[in-house]
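**Q** Sharing a structure below in structure tokens format, with a few things to ask.
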Amino acid sequence: MPAVGTPVPRKEGLDKVTGRARYTDDVVLPGMLFGRTIRATIPRGRITGVHLDFDPHGFTVVDARDIPGRNVVALIVDDQPCLADGRVSHTEEPVLLLAHADREALLGATVRLDYAAEPAVLDPRASQTVFKELTIQKGCLDDGFGSADVVVEGEYRTGHQEQLYIEPQGVIAVPEDGGVTVYGSLQCPYYVHHALSVLLALPPERVRVVQLETGGGFGGKEDYPSIIAGHAALLALKANRPVKLVYDRLEDMRATTKRHPAIVRHRTGVTRDGRLTAIDVEVLLDGGAYTTLSPVVLSRGALHATGPYRCDHVRVHGRVVQTHTPPNGAFRGFGAPQTQFAAEAHMDRVAAALGLDPVALRERNVWRPGDTTATGQRLGPDCSAADVLRVAVERSRYHERRGTLAGRPGAGIGLALVFHGAGFTGSGEVKLASRAALQLTATGARIRVASTEIGQGARTVLAQVVADALGIAYDDVEVAEADTRFVPDSGPTVASRTSMVVGRILQGCAVRMRERLGDLGPADYHARHGPFEVEGQYVRPAGLDWDEAAYRGDAYGCYGYACDVVEVAIDADTYEARATAVTTVHDVGRVLHPVLVRGQIEGGTVQGLGYALLEEVAMRDGAMANAQLTNYVIPTTADVPPLDVVVLETPYVEGPFGAKGVGELPMDAPAAAAVNAIRHAGFDVREVPATPERLSEAPCVSR
């Protein structure tokens, strides 16, 4: 029986449900110390004094002077210090590290910091420091607006969002072999490996990074573990003892990266019958105090800012700027949820300006195979935007429900149509040059990759691909631990790339291994000839081309498509909006594991509804003021409406067995669909989360 397409048991499932799986805080090592981070309490200024108001006996204390290498968190731009060295640029910036064998003594130690405060920029519109700026241009805007009958303008805003993975950030650093080994909860072992080599001035072979079982990431454990790993390693090397550094929920929420807030302005030209003639978009993202991953978040956001619509004349101008707030970073969707919220909320306003049905406007302009994107990429036969729109409208009975709900006060229905590029943007996959390996074992095969299991099912799906490509049973495929000492760099576990990109490399490895085995099964070959290994590397599919300087060409190898239809009910007294029904239709190429795909879609949809209606990060003086689950509200099971999930399959020829990415796409549509439903219910909201306060102040819309 083939493994691909069937709901095989998860590779790590039994260990998790029986409690055998070990997470970072489960691990105790001999002689281990506990670590703690002392953080800045102002958004900007100079540190004028550090006072240790405790008996230092038994403590290990580390500051910037103890860093043997470069005091940077090595990523895209080396502008973020690992520890503040005389200056702070945001509240919660790490200044000092402490370690002690007694956790209570550690938590009881008091450190006072003196500052000379300086004016802080907290509003991105006032910032003069630009981390990244780009422009995407297609055709001529003057021509497009010149042929328009109507021009519609609008501004849309999105706030921070907290990843809120179930397991907080945590690592254990162990000094050994003249270097350091870090075990931890993380998504990208080789990101951490590189950052530690730079920080500690160690050759790569003296740095080892091992992923432990990880309780969720959603992007929040892409870049941030490089920071906490650096802190734990500095303490461990100075103390010459293992150091565990695990955040509590308050510290995790206040100090770590979040989704970038965005202000997106649209100016759209359209003919009276609904044909888009010009799309002009301005994107402004709040990067926080340091660059982190902001340039690539902006890039993906800008590339998705038009929505999946045909238009000959397009300009997208994007900037991400500095504010003196904790840095923002990766979050599921990576810029696309912000810009596609704006695009889809704006499409409903364009339809209203023309007196058109929102579906009719989308049907008039939706991408079809052969159309070109804003970067000039020609869409292939797997472009299914029109299909997911049609199925979502039919399945939800959108038009019938729209008429019915129009007669009910406080009720509405809305939809959003989105797309999402799978894999790294542009030439990113070529630069990564990801590698994967497959070992023959006495009973089957072992996968060796740095791709991590963070709850999404990576181990399971990769094993399915190898099993079918090699022609062996799923149970005979092992997945090695993500340990940089033993696995090649298969790239980060981000960007909806693991199944599609790494799975494709492993599929190739399995085919080559099968050819070498000939007529023998793995066990017979191993018994006669011993083990061997096949390694593969990413090869860009033929026909793809990208010009980074001009921002033209094939931005992604393929795109997934989704359409959400959301019904809402708004309480007449409290103005609370809640989703009452959701239909979500996704095309993610070939479905490798139906249960895991459905789980990704359901989870992403609920996370998107939280972004739309509930999750407000309250910032006060540059710091998160509601960093606890009593007042940072996320959806619970009581908030989840009936979900009708439909999965279409339009295979992508370059994906393993036709698969595309699925992890991020479900995050893109719910916010816009919910806000469009709120608009249908009579409230003109243009910002998420659409809290009761915003609804109570929103202009009324005629139904």
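**Q** Can you put D248, D571 in order of Cβ neighbours within 10 angstrom, beginning with the fewest?
**A** D248, D571
**Q** With each run of n ≥ 4 DSSP H residues scored as -39500 (n - 2.57), what mean residue ellipticity at 222 nm is computed for the chain after dividing by its residue count and rounding to the nearest 500 deg cm²/dmol?
**A** Computed mean residue ellipticity for the chain: -8000 deg cm²/dmol.
**Q** Where both residues lie in segment 225-321, what percent of DSSP beta bridges are antiparallel, nearest 5?
**A** 55
**Q** Next question, about the same structure. Which of the trypsin sites (Lys or Arg not before Pro) found in segment 228-280 are loop residues per DSSP with 12 or fewer other Cβ atoms within 10 Å of their Cβ?
**A** Of the trypsin sites (Lys or Arg not before Pro), the ones in loops of segment 228-280 whose Cβ has at most 12 other Cβ atoms within 10 Å are R272.
**Q** Residue by residue through segment 88-96, which ³J(HN,Hα) values in whole Hz follow from phi under the Karplus form 6.51 cos²θ - 1.76 cosθ + 1.60 (θ = phi - 60°), with glycine and proline marked x?
**A** Coupling constants for segment 88-96: 10, 10, 6, 4, 6, 5, x, 10, 9 Hz.
**Q** Please report how far the C-alpha centroid of segment 224-284 lies from that of segment 117-139, rounded to the nearest whole angstrom.
**A** Result: 15 Å between the Cα centres.
**Q** Roughly how many Å is it from the Cα centre of segment 311-329 to that of segment 425-465, as a whole number?
**A** Spelled out, the Cα-based centre of one part sits 32 Å from the other.
**Q** OK, next. Once the Cβ-Cβ distance between E576 and L629 is put in as r, and R0 is 22 Å, what FRET efficiency do you end up with, to the nearest 0.05?
**A** With R0 = 22 Å, the Cβ-Cβ based efficiency is 0.75.
**Q** Stretched out fully, how many nm does the piece from D684 to R22 gain, at 0.36 nm a residue minus the Cα gap?
**A** That works out to 233.5 nm of additional length.
**Q** Which far-off residues, 5 or more places away or on another chain, put their amide H under 5 Å from the one on D312, with H placed in the peptide plane?
**A** none
**Q** How would M667, M619 line up from fewest to most surrounding beta-carbon atoms within 10 angstrom?
**A** Ordered from fewest to most neighbouring Cβ atoms within 10 Å, M667, M619 come out as M619, M667.
**Q** Now a separate question. Karplus couplings for segment 194-203 from phi (6.51 cos²θ - 1.76 cosθ + 1.60, θ = phi - 60°), rounded to Hz, Gly and Pro as x?
**A** Rounded to whole hertz, the list is 5, 4, 5, 4, 5, 5, 9, 6, 10, x.
**Q** What is the calculated FRET efficiency for R157 to R620, with r their C-beta to C-beta distance and R₀ = 25 Å, to the nearest 0.05?
**A** Using R0 = 25 Å, I get an efficiency of 0.85.
**Q** Report the trypsin sites (Lys or Arg not before Pro) located in segment 410-487 that are in a DSSP loop and have at most 14 other Cβ atoms inside 10 Å of their Cβ, or state none.
**A** Sparse-neighbourhood loop trypsin sites (Lys or Arg not before Pro): R485.
**Q** Rank L614, V591, M624 by how far each Cα sits towards the positive end of the charge dipole of segment 568-650 (+1 on Lys, Arg Cβ; -1 on Asp, Glu Cβ) and give me just the farthest.
**A** Checking the options against the dipole of segment 568-650, the answer is V591.
**Q** Pull up all non-local amide H partners of V479: gap of 5 or more, or a different chain, and H-to-H distance under 5 Å with H placed in the peptide plane.
**A** The list, which skips near neighbours in sequence, is I447.
**Q** So what J values fall out for segment 480-490 if you push phi through Karplus, 6.51 cos²θ - 1.76 cosθ + 1.60 with θ = phi - 60°, rounded to Hz, Gly and Pro as x?
**A** Here the 3J(HN,Hα) series is 5, 4, 6, 10, 5, 6, 10, 10, x, 7, 9 Hz.
**Q** To continue, here is another question. Using the Cα gyration tensor of the chain, with a ≥ b ≥ c the square roots of its eigenvalues, what is the shape: rounded (a/c below 1.5), prolate (a/b larger than b/c) or oblate (neither)?
**A** Oblate, because a/c is 1.5 or more while a/b does not exceed b/c.
**Q** In addition: Can you give the FRET efficiency to the nearest 0.05 for Q537 and T41, using r as the Cβ-Cβ distance and R₀ = 60 Å?
**A** 0.80
**Q** Can you list the residues, at least 5 places off or on another chain, whose amide H is less than 5 Å from the amide H of D223, using H built in the peptide plane?
**A** A330
**Q** Counting only C-alpha contacts under 8 Å and six or more residues apart, can you give the relative contact order of segment 212-313 as a whole percent?
**A** It rounds to 20 percent for segment 212-313.
**Q** For A116 and E515 in the same chain, what is the full-extension length gain: residue separation times 0.36 nm, less their Cα-Cα distance, in nm?
**A** 136.8 nm is the gain from fully extending A116 to E515.
**Q** Hey, fewest Cβ within 10 Å first, where do H317, H266 land in order?
**A** Ordered by Cβ neighbours within 10 Å, fewest first: H317, H266.
**Q** Below 8 Å between Cα atoms, with a sequence gap of 6+, how large is the relative contact order for the chain in percent?
**A** Over the chain, the number comes to 16 percent.
**Q** Compute the separation of the alpha-carbon centres of segment 166-198 and segment 505-561 and state it in Å as a whole number.
**A** About 28 Å separates the Cα centre of segment 166-198 from the one of segment 505-561.
Readers should treat all values here as calculations from the given coordinates under stated rules, not as data from a laboratory. Computed from a predicted model, the values in this text were never measured in an experiment. Neighbour counts are summed over all protein chains in view; Cβ atoms, including those assigned to glycine, are modelled from backbone coordinates with ideal geometry.
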